1. From 50, 36, which residue is under 29 Å from the mean Cα position of the chain (by Cα) and free of Cβ contacts under 8 Å to residues at least 24 places away in the same chain?
2. Among (1) free of Cβ contacts under 8 Å to residues at least 12 places away in the same chain; (2) among the charged types (D, E, K, R); (3) closer than 21 Å to residue 295 by Cα, which single condition is residue 445 missing?
3. With within 23 Å of residue 348 (Cβ to Cβ), away from the ligand (no atom under 16 Å from the Cβ), out of contact with any Ser or Thr (no Cβ under 9 Å at 6 or more places or on another chain) and not small (Gly, Ala, Ser) as the only criterion, which of 120, 195, 130 stands out?
4. For the stretch 200-248, name all the residues that are among the acidic types (Asp, Glu) and within 16 Å of the ligand (Cβ to nearest atom).
5. Looking at the stretch 57-93, which of the residues that are among the aromatic types (Phe, Trp, Tyr) and over 16 Å from residue 440 (Cβ atoms) is nearest to the ligand (Cβ to nearest atom)?
6. Which of the residues belonging to the stretch 371-397 are aromatic (Phe, Trp, Tyr) and over 27 Å from the mean Cα position of the chain (by Cα)?
7. Checking residue 322 against (1) of a type outside the set (D, E, K, R); (2) more than 30 Å from residue 99 (Cβ to Cβ); (3) surrounded by fewer than 22 Cβ atoms within 10 Å (Cβ to Cβ); (4) modelled with pLDDT of 95 or more, which single condition isn't satisfied?
8. Restricting attention to the stretch 164-188, which residues are under 22 Å from residue 257 (Cβ atoms) and among the aromatic types (Phe, Trp, Tyr)?
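The values are calculated or read from the model by the stated rules, or taken from the named source; none is laboratory data. Please read all numbers here as calculations on a predicted model, not as lab measurements. In this analysis, Cβ positions are derived from the backbone assuming ideal geometry, glycine residues included, and neighbour counts consider all displayed protein chains.
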Amino acid sequence: MEPQEFERWSEKAALWGARYRASLRDRPVRAQTQPGEIYRAMPVRPPETGEEMQAIFDDFEAIIQPGMTHWQHPRFFAYFPANAAPVSVVAEHLVTAMAAQCMLWQTSPAATELETRMMEWLRDALGLPESFSGVIQDSASSATLAAVLVMRERALNWQGNRQGLAGQGRLRIYCSDQVHTSIDRAIWVSGIGEENLVRIPAESPIGSMPAEALDAAIRADLAAGHVPAGVIACIGATGTGASDDLSAVLAVAKRHDLYSHVDAAWAGAAMICPEFRDLWQGIEDADSIVFNPHKWLGAQFDCSAHLLRDPDLLVRTLAIQPEYLKTHGQDGIINYSEWSVPLGRRFRALKLWFLLRFHGLEGLRRMIRNHVRWSQALADRLARTPGFEITTPPVLSLFSFRQTGADDAQTIALLNAINDDGRIYLTQTRAAGRVVIRFQAGQFDCTEEDIDIAYRAITDTAQRMSKP
Ligand SMILES: *Cc1c(COP(=O)(O)O)cnc(C)c1O
């Protein structure tokens, strides 16, 4: 592509993005396509000769765009948000244009040093002690895998990478039964094995694993000759927001000298507001913490903050050249690829820098506080609406509900009808053995009016369905 053409199409793409964002309120949130539709619209073979940019761009608008679910839609209330604040998109334009590989300090001095500073900014914004240092991982799944590998190596006296797991004792990892599936995968991939993930039932769908039960499980494993290796706690679990009592759970981990990791992938963002920090009281005793600025905070995917009490343990687990340990950090040179499973790294700190400067912590706190307040108000309103019940109370901005007396199939039917309606997008989970509908407010551009539309979309649809 000639430089002039590159310039023209770059401008066009940026302009398209800005107009797309401005148009979202008029579009259905979830894609309304049928499976296979987009696939069949693609030619079977790639072209032998290059095509005109205009034709490619036209097809993008005609075929691809209508097949997308709009994650930046202000009325996206499904899953958790994947916010990409406009200012973070602008930063990503620059990152994409420079397209640097940020694996070593020397391949990306500015990216590396900005990353160090941004992780300090976030650590302080969350109210964590200065003894924590951080690295940006591509996802919470990767951060959790890295933490589990540290648990494995530490428990095997740093011989697991060399010798493998054959002939070692059975490593055991403990968590509540509310944790995200990324924990399962970390256990599979690390070779520890699902059967050695000990799931302690949480006290309630929003509660903690009981510390006494954790302690008893560890003791039983020790008595059986197993090798306890670590504890994974969750704060704001994906289904209904279950949160472990960190003070109690981390005390048990400490007593048994186990490495601890806290998965606060979604809820961590809210910890920039001091009044919500009760939720993770005791966090300063964790060895490893992950939270995703790419969820609620607005730094677009991918951007996962992994904060560590002692990064040497992580580097010792993942560095290819252990002699690097002797100098890391001390001469001002950090090679962040030694802190993560993948070697290659994108420049992820720039969008955080743009985001935090443009909105300021106060701007981001205001957004999060609004979401929490609005979500709680909606839960109250639904609770007062005949025919509805709140099945799990709000944890920050997440709660679940269903129609009173509905069976699982009826709950799914209501959910599908709400999503087909298009005004809002919701997803389901299970709580106390039943299917329930999740609601979370967290989209960057969501307003109080959008919450009102959500109430109407839910109640209108239910009413429509109740008519014979
Ligand atoms: C979203 C989420 C994850 C997974 O995050 P990725 O960055 O997509 O890997 C893990 N744990 C919890 C609690 C989550 O909400």
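1. Values: 50 fails: under 29 Å from the mean Cα position of the chain (by Cα).
Result of the check over 50, 36: 36.
2. It fails just one condition, (1).
3. When all the criteria are applied, what remains is 130.
4. Quick first cut of the stretch 200-248, residues among the acidic types (Asp, Glu) only: 203, 212, 215, 221, 244-245.
Matches in the stretch 200-248: 244 only.
5. Applying the filter and picking the extreme gives 60.
6. Here is the first cut: in the stretch 371-397, the residues aromatic (Phe, Trp, Tyr) are 374, 388.
Hit for the stretch 371-397 is 388, nothing else.
7. Failing condition for residue 322: (4).
8. 174
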